[in-house]
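See structure below.
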Amino acid sequence: VQLQASGGGLVQAGGSLRLSCAAFGSTFSSYTMGWFRQAPGKERESVGAISRGGSSMYYPDSVKGRFTISRDNAKNTVSLQMNSLKPEDTAVYYCAASRDSLRPPTIRDYQYWGQGTQVTVSS
């Protein structure tokens, strides 16, 4: 599967952004989908994941209550709604696909990655 992320940009602290990821070339509904981010000098980390059917989600404590992941299997898309953004949310955001079932995500669980989209939150 090929993934293409979009929707990044510059936003003020407290604002919102919605990232989207389009999937091509394979059966989208067969993949667990995740969003990750990587800030300069830091390791890539998960910010959310969603099960194949979209009924179960996972969020780390750092974004819980602020970020919402969703998917539309008919449109082969996964989205990340980010609210109450903070300067520490500044990073390159990546969507990723896993052949495995949903579980607390780690990078090694995800076999396919999009190209990343920059999110910058100004204070």
Practice task
Return a yes/no flag: does the stretch 96-107 have any residue that is open to solvent by 70 Å² or more (accessible area, probe 1.4 Å), among the acidic types (Asp, Glu) and more than 14 Å from the chain's Cα centre (by Cα).
Solution key: no
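Checking the conditions here, which among GLY34, GLY14, GLY25, GLY9 is crowded, with 18+ Cβ neighbours inside 10 Å and touching a residue at least 24 places away in the same chain (Cβ under 8 Å)?
GLY34
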Exercise for the section: Within the stretch 81-104, identify whether any single residue is acidic (Asp, Glu) and modelled with pLDDT under 95, and answer yes or no. Expected result: yes
Practice task
Of the numbered conditions (1) in contact (Cβ under 8 Å) with a residue 40 or more places away in the chain; (2) under 15 Å from the mean Cα position of the chain (by Cα), ASN73 fails exactly one; give the number of that condition.
Solution key: (2)
Completion exercise
Restricting the stretch 68-83 to residues that are out of contact with any Ser or Thr (no Cβ under 8 Å at 6 or more places or on another chain) and outside any strand (DSSP E or B), the one surrounded by the most Cβ atoms within 10 Å (Cβ to Cβ) turns out to be ASN76
Practice task
Output the number of residues of the stretch 34-64 satisfying the condition of being of a type in the set (Val, Ile, Thr) and over 12 Å from ALA96 (Cα atoms).
Solution key: 1
Fill in the blank from the handout: Among the residues of the stretch 1-51, the number that are of a type in the set (Phe, Trp, Tyr) and not in a strand (DSSP E or B) is 2
Problem - Residue count, the stretch 40-67 (criterion: touching a residue at least 60 places away in the same chain (Cβ under 8 Å) and open to solvent by 50 Å² or more (accessible area, probe 1.4 Å)) - result: 1
Problem - Contacts under 7 angstrom Cβ, first residue in the stretch 84-105 being assigned to a loop (DSSP other than H, G, I, E, B), partner aromatic (Phe, Trp, Tyr) and surrounded by 14 or more Cβ atoms within 10 Å (Cβ to Cβ), 6 or more apart - result: ARG99/TYR31; LEU102/TYR58; PRO104/TYR58; PRO105/TYR58
Exercise for the section: Give me a count of the residues in the stretch 7-38 that are over 16 Å from LEU80 (Cβ atoms) and aliphatic (A, V, I, L, M). Expected result: 2
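The values are calculated or read from the model by the stated rules, or taken from the named source; none is laboratory data. Owing to the predicted nature of the structure, the values given are computational and were not obtained by experimental measurement. Methodologically, a virtual Cβ is constructed for each residue, glycine included, from the backbone with ideal geometry; neighbour enumeration extends over all protein chains shown. Just so you know, the surface numbers come from the protein's heavy atoms only, side chains and all, with ligands and any DNA or RNA stripped out. Shrake-Rupley method; radii C 1.70, N 1.55, O 1.52, S 1.80 Å.
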